[in-house]
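J.: Can you read through this structure? Questions will come right after.
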Amino acid sequence: MPILQVSNVKKIYTTRFGGTQVQALSDVTFSVEKGEYVAIMGESGSGKTTLLNILAALDKPTSGQVLLNGMDIVAIREKDIAAFRRDNLGFVFQDFNLLDTFSVQDNILLPLVLSGRPFREMEEKLKPLAAQLGIADILKKYPYEISGGQKQRTAVARALITAPQLVLADEPTGALDSKATDSLLRLFAQINAAGQTILMVTHSAKAASHAGRVLFIRDGQVFHQLYRGESTDSQLYQKIADTLTLLATGGEAGA
Amino acid sequence: MRKKSLYPRLAGQNIIKNRRFFVPYGLTVLGTSAAFYIMSALVFDPGAKELRGYQYVQSMMVLGMFIAGLFTAAILFYTNSFLMKQRRRELGLYNILGMGKGNLARLLCYESLFIGGGGIVSGLLVGMLFHKLVTLFLYQMLRFDVPFGITISVPAIVLTAVIFVLLVLATLVVNLLRIRVSSPVQMLQSTSQGEREPRTKWLMTLVGILSLGAGYWIAITADDPISALAMYFLAVFLVILGTYCLFTAVSISVLKLLRANKKFYYQTSHFIGISGMLYRMKRNAVGLANICILSTMVMVMVSGTLSLYLGTGEIIDAQYPADVNLTAQYDPLTTEEGATPFQGQPMLDRSVRALQDAGFAVADTDSIRYATFAVQQAGTGDFLLDFETDLGPDAVRRTIYFISADTYTALTGEAAPTLAEGEVVVCGGESLPDTITFRDGDVEATYQLAGRAAEIPMFFWTPDEYEPLCLVVGSEAAVDEAYAMQHAAYANPYDMYWRGLIQIEDGTSEADVEALDGVFWGESGLFAGPMEDVGYYYSLSVDLKAAAEADGYAMAGGFLFLGIVLGVIFLMATVLIIYYKQVSEGYEDRRRFEIMQQVGLTRAEVRASIRSQVLMVFFLPIAVAAIHILFDFNMVVQLLELFSLRNVLLTALCTLDTVLVFFIVYGAVYLLTARTYYKIVS
């Protein structure tokens, strides 16, 4: 069974007084297997962010179904959604979304504190994770004291500490320099190799070229997908670049 | 032509766009200039000179104008700096889009002209409108007859306009200087600077705890009015210092200690609450301390002046037991060659005759005598008639009063105790041994304590640092003996006192003051004629209750009015600080609110946590202010005793009411500003 099953998801935004309607997603269907590393690519306005918000249960689709581990997240009641998100999903954002009132350690522990876990358990989980992410010696620092790359590692640690079913990453490399980008992508690959399912939304071909599979979205639907197969990162990069060129020049799927 | 109108139009748009910040600023200008106009109009009122006691009000208003002026300058600069901080981004953007610093300056000038000019003009209009209402209210309080007709005070308009235009210009100059020195990029970035974690300041924490403790200690241990007055400003200073330290350092130290306790800290509600408060306290500490101190001032000022005003009748009644009060100080033992000592009865008779001649119907007369002198207390019931002997720095000095049993009855209306020769009764609850001794070298007198009697309304007591002790003896002769004793002991003996009390039928009012004055001090008045028949005296005075009432109400009413006016201005400042705090925090919290939700906090939880933090930040200052008031209460009671007000219950009620009303107003302000805050956040 796939860990994530998205079927015929449609999202129409209506302006407040029912005037104009904007179709953000017309018909999206895809699935993600456990342990997969999937990148979703698309231009600005292609519906990427809407899709991610729906997967994150931050927004509800107009129609269609989203199953996480067989559970329909569209049907979850409003008051259970936060807990569901906390226990099953991990988030990594473009602009880190760290709280500047908390130290690095407290930012990472936030989801565990929110679920009311005992402090000993938090410490046990934090230590190996911080070591793995290379942030063990900045735990006492505050977000404004550390670099962008370190901030993003902190955000990754926060996403991983609950051992979520699925990590959702929204343009995780968008605010990083090339060195920090490389290091973060290596980290994602490492985490994925350890068995973590990752779904990343990006418009960077370089970021996508580290994934196992790349989905392309255009005009609110899945337009094309690429499997890594046996290709290396740079070969996959080449394929992605070709597809993007095709997309930009207006070619048809499967061409 | 179009180009010329660009700046005013842009300035107008800016004001509308930033109305969240500009409107309160304009209202501040409006409110303070209206208050200032009203006060100066009261000072310049030409008709009021005729009114008895109005000079008190005028001098208080001048004081009030000074305080209000300084304070207004402080709030205007505060609100202006806040406004500019919020707008730096916008101005930076204009700068980048091609507006030179000169253009920006022109824009700011127009903005100041609109908002400042508008504020001042409408403030003057509101002031004129309310001037009459305030005059009615004030005259009512002062018990003056209310004049008719509307007056507009031109000098007050000019003074107010000049002062406020200067203030607005000063803020404009500060803004222009600030623009000159900053680069556009700096302006663009300035709102998104990182926030450092507050450091624990142990020294300040210690200083805060110590000075607050010392201030409180001084306040609760003050036990007489004179030392309370002497120590009051020290206590106020210590409490203000302590309050600032409390908010800036103590709060952060406490929060950090809580955070260091991991088991406690890593629980959902504590986790968000403590870290949020830590962050908020650092940013708001000074503002909160300001609010706390302002609130305390408002409450102390209003409750103190209110008690004084409401207690005025009582004070006057206690100090002036009759409508006409005669007081003579004399020495019954030594007189000038050939003169007889002062005699009370002829004086009383002459006064009654003179009053009757002037058309006043005398209802009742009474007279009392007492001997009074100061002593050092060598032990309980052991008094030294001698100040040369050094009993050390802690020596207690007392003022002793001797009255006869008849005087006691006249003063209290209670049956006189029957006392044998050498027996005394002590008034009030003081514990004394059975034998009381007065001594100095060869002089020594002992009295046997025969019991105790009711506290007497000691209208002749003047508050001083000597604690009074009143003893009742059997006869007037015994009073004379006591007088003779101190006469022998002291080189400069104390005087004997005589008081004549004359009640007028139906009482007297302010209208009678002039006529009564004429009876005694007029050209053909009592004191203009020969006084030989009353004997030899050192001083003889006449005190009119009606005059004291007029003066008393004018003074207390003036105080209360000043208290209320300054209270309103301080409250306005408090409201303003709170408002800006809410708005600026709202913008910052919006971001945190979003992140928390993404990480898995429900909307309701986020709301609850932010609400509890806002409530805490909001109500912490007045909770502390209420504690200040509680400790200060004893001090206020002592100080009011300087004005002869000894009604603790009245003061307590006034304080309670003032605190209640303040809490209600403060709560209302909270509800209003919290709405703006939640609108921004969600």
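The values are calculated or read from the model by the stated rules, or taken from the named source; none is laboratory data. These numbers were taken from a predicted model, which means no experiment stands behind them. Counting neighbours? That spans all protein chains shown, and the Cβs are built from the backbone with ideal geometry, glycine included.
J.: For residues that are in a loop (DSSP other than H, G, I, E, B) and surrounded by fewer than 16 Cβ atoms within 10 Å (Cβ to Cβ), tally how many sit in segment B:359-389.
T.: 6
J.: Among the candidates B:Y244, B:Y265, B:Y232, which residue alone is at pLDDT 80 or above, closer than 30 Å to B:R646 by Cβ and surrounded by 15 or more Cβ atoms within 10 Å (Cβ to Cβ)? Explain how you work it out, then say what you get.
T.: On the way: B:Y244 fails: closer than 30 Å to B:R646 by Cβ; B:Y265 fails: closer than 30 Å to B:R646 by Cβ.
Result: B:Y232 is the single residue among B:Y244, B:Y265, B:Y232 that is at pLDDT 80 or above, closer than 30 Å to B:R646 by Cβ and surrounded by 15 or more Cβ atoms within 10 Å (Cβ to Cβ).
J.: Quick one: is B:R591 closer than 30 Å to A:V167 by Cβ and without any contact (Cβ under 8 Å) to a residue 60 or more places away in the chain?
T.: For B:R591, the condition - closer than 30 Å to A:V167 by Cβ and without any contact (Cβ under 8 Å) to a residue 60 or more places away in the chain - is met.
J.: Kindly indicate whether B:I316 is closer than 27 Å to B:L471 by Cα, under 40 Å from the mean Cα position of the chain (by Cα) and part of a helix (DSSP H, G or I). Give the derivation first.
T.: Numbers: closer than 27 Å to B:L471 by Cα: yes; under 40 Å from the mean Cα position of the chain (by Cα): yes; part of a helix (DSSP H, G or I): yes.
Against the criterion (closer than 27 Å to B:L471 by Cα, under 40 Å from the mean Cα position of the chain (by Cα) and part of a helix (DSSP H, G or I)), B:I316 qualifies.
J.: May I pose another question? Find the residue count for segment A:1-59, including only residues that are assigned to a loop (DSSP other than H, G, I, E, B) and at pLDDT 85 or above. Full working, then the answer.
T.: Within segment A:1-59, the first condition is being assigned to a loop (DSSP other than H, G, I, E, B), and the residues that meet it are A:1-3, A:15-20, A:33-36, A:42-47, A:56-59.
With at pLDDT 85 or above added as a condition, the list becomes A:2-3, A:33-36.
Going through segment A:1-59 one residue at a time, the tally reaches 6.
J.: On to the next question. How do the helices (runs of 4 or more DSSP H) wholly within segment B:35-154 filter down when requiring 2 or more residues that are of a type in the set (A, V, I, L, M) and free of Cβ contacts under 8 Å to residues at least 24 places away in the same chain: which remain?
T.: So the answer is B:54-96, B:118-142.
J.: Are any residues in segment B:575-600 in contact with a Pro (Cβ under 8 Å, 6 or more places away or on another chain) and over 16 Å from B:R87 (Cα atoms), and if so, which ones? Steps first, please.
T.: First, pick out the residues of segment B:575-600 that are in contact with a Pro (Cβ under 8 Å, 6 or more places away or on another chain): B:576, B:579-580, B:599-600.
The answer is B:L576, B:Y579, B:V599, B:G600.
J.: Follow-up question, since we're still on this one. Which pairs do you get when a residue that is more than 9 Å from every other protein chain (Cβ to nearest Cβ), found in segment A:109-138, comes within reach of a residue that is assigned to a loop (DSSP other than H, G, I, E, B) and of a type outside the set (D, E), reach meaning Cβ atoms under 8 angstrom, with the pair 6+ apart or on two chains?
T.: A:K125/A:I161; A:L126/A:L139; A:L126/A:I161; A:L129/A:I161; A:A130/A:L139; A:I138/A:I146
J.: What number of residues within segment B:252-280 satisfy the criterion of being under 19 Å from A:P143 (Cα atoms) and in contact (Cβ under 8 Å) with a residue 24 or more places away in the chain?
T.: Looking only at that region, the number is 8.
J.: Next question, about the same structure. So for segment B:411-418 (the condition being touching a residue at least 12 places away in the same chain (Cβ under 8 Å), in a strand (DSSP E or B) and either on the phi < 0 side of the Ramachandran plot or surrounded by 18 or more Cβ atoms within 10 Å (Cβ to Cβ) (or both)), does at least one residue qualify?
T.: Looking through segment B:411-418, none of the residues is touching a residue at least 12 places away in the same chain (Cβ under 8 Å), in a strand (DSSP E or B) and either on the phi < 0 side of the Ramachandran plot or surrounded by 18 or more Cβ atoms within 10 Å (Cβ to Cβ) (or both).
J.: Could you grab me the full set of residues in segment B:49-91 that are at pLDDT below 80 and small (G, A, S)?
T.: Listed by number, the list holds a single entry, B:G53.
J.: Among the listed residues B:G127, B:G215, B:G208, B:G149, identify the single one that is under 28 Å from B:V43 (Cβ atoms), modelled with pLDDT of 85 or more and of a type outside the set (D, E, K, R). Steps first, answer last, please.
T.: Working: B:G215 fails: under 28 Å from B:V43 (Cβ atoms); B:G208 fails: under 28 Å from B:V43 (Cβ atoms); B:G149 fails: modelled with pLDDT of 85 or more.
Just a single option satisfies the conditions, and that option is B:G127.
J.: Mind counting the residues in segment B:510-539 that are within 17 Å of B:R499 (Cβ to Cβ), surrounded by 15 or more Cβ atoms within 10 Å (Cβ to Cβ) and of a type in the set (S, T, Y)?
T.: Qualifying residue count, segment B:510-539: 1.
J.: Examine segment B:301-308 for a residue that is within 14 Å of chain A (Cβ to nearest Cβ) and either in a helix (DSSP H, G or I) or more than 30 Å from B:L660 (Cβ to Cβ) (or both), and state whether such a residue exists. Talk me through it step by step, then tell me what you get.
T.: Taking segment B:301-308 and keeping what is within 14 Å of chain A (Cβ to nearest Cβ), we get none.
Among the residues of segment B:301-308, not one is within 14 Å of chain A (Cβ to nearest Cβ) and either in a helix (DSSP H, G or I) or more than 30 Å from B:L660 (Cβ to Cβ) (or both), which makes the answer no.
J.: Moving on. Going residue by residue through segment A:71-83, is there one that turns out to be surrounded by fewer than 20 Cβ atoms within 10 Å (Cβ to Cβ) and closer than 29 Å to A:G149 by Cα?
T.: Taking segment A:71-83 and keeping what is surrounded by fewer than 20 Cβ atoms within 10 Å (Cβ to Cβ), we get A:71-72, A:74-81, A:83.
Subsequent filtering for residues that are closer than 29 Å to A:G149 by Cα retains A:83.
Scanning segment A:71-83 turns up at least one residue that is surrounded by fewer than 20 Cβ atoms within 10 Å (Cβ to Cβ) and closer than 29 Å to A:G149 by Cα.
J.: Sticking with this structure for a sec: Could you tell me which residue of segment B:324-343 is modelled with the lowest pLDDT, considering only residues that are hydrophobic (A, V, I, L, M, F, W, C) and farther than 29 Å from B:A361 by Cβ? Talk me through it step by step, then tell me what you get.
T.: Of the residues in segment B:324-343, the ones hydrophobic (A, V, I, L, M, F, W, C) are B:324, B:326, B:328, B:333, B:339, B:342.
Narrowing the set further to residues that are farther than 29 Å from B:A361 by Cβ leaves B:333, B:339.
Details: B:L333: 84, B:A339: 76.
That would be B:A339.
J.: Since A:Q23 meets every condition but one in (1) within 18 Å of the chain's Cα centre (by Cα); (2) more than 30 Å from B:T268 (Cα to Cα); (3) of a type outside the set (F, W, Y), which condition does it not meet?
T.: Condition (1) is where A:Q23 drops out.
Listed here are the residues, each with its yes/no results for (1) within 14 Å of chain A (Cβ to nearest Cβ); (2) out of contact with any strand residue (DSSP E or B) (no Cβ under 8 Å at 6 or more places or on another chain); (3) part of a helix (DSSP H, G or I).
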position: B:M555; (1), (2), (3): no, yes, yes
position: B:L560; (1), (2), (3): no, yes, yes
position: B:I564; (1), (2), (3): no, yes, yes
position: B:V583; (1), (2), (3): no, yes, yes
position: B:D589; (1), (2), (3): yes, yes, yes
position: B:M596; (1), (2), (3): yes, yes, yes
position: B:L601; (1), (2), (3): yes, yes, no
position: B:E605; (1), (2), (3): yes, yes, yes
position: B:I610; (1), (2), (3): yes, yes, yes
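J.: Name the one entry in B:V636, B:V617, B:V542 that is outside any helix (DSSP H, G or I) and either more than 14 Å from every other protein chain (Cβ to nearest Cβ) or crowded, with 17+ Cβ neighbours inside 10 Å (or both).
T.: Numbers: B:V636 fails: outside any helix (DSSP H, G or I); B:V617 fails: outside any helix (DSSP H, G or I).
Just one listed residue meets the conditions, B:V542.
J.: Separate question: Picking from A:K48, A:K34, which residue would you name as being charged (D, E, K, R), touching a residue at least 40 places away in the same chain (Cβ under 8 Å), surrounded by 19 or more Cβ atoms within 10 Å (Cβ to Cβ) and more than 14 Å from chain B (Cβ to nearest Cβ)? Please lay out each step first, then the result.
T.: On the way: A:K34 fails: surrounded by 19 or more Cβ atoms within 10 Å (Cβ to Cβ).
Result: A:K48 is the single residue among A:K48, A:K34 that is charged (D, E, K, R), touching a residue at least 40 places away in the same chain (Cβ under 8 Å), surrounded by 19 or more Cβ atoms within 10 Å (Cβ to Cβ) and more than 14 Å from chain B (Cβ to nearest Cβ).
J.: Given the conditions (1) outside any helix (DSSP H, G or I); (2) farther than 24 Å from B:P341 by Cβ; (3) at pLDDT 85 or above; (4) of a type outside the set (G, A, S), report the number of the one that B:T508 does not fulfil.
T.: Every listed condition holds for B:T508 apart from (3).
J.: Collect the residues in segment B:248-268 that are part of a helix (DSSP H, G or I) and facing chain A (nearest Cβ under 10 Å), keeping them in residue-number order. Lay out the reasoning, then the answer.
T.: Step one: list which residues in segment B:248-268 are part of a helix (DSSP H, G or I), which gives B:248-260, B:262-265, B:268.
Result: B:R259, B:K262, B:K263, B:F264, B:Y265, B:T268.
J.: Looking only at segment A:57-100, filter to residues that are free of Cβ contacts under 8 Å to residues at least 24 places away in the same chain and more than 16 Å from B:E605 (Cβ to Cβ); which one of those is nearest to the other protein chains (Cβ to nearest Cβ)?
T.: Within segment A:57-100, the match that is nearest to the other protein chains (Cβ to nearest Cβ) is A:I76.
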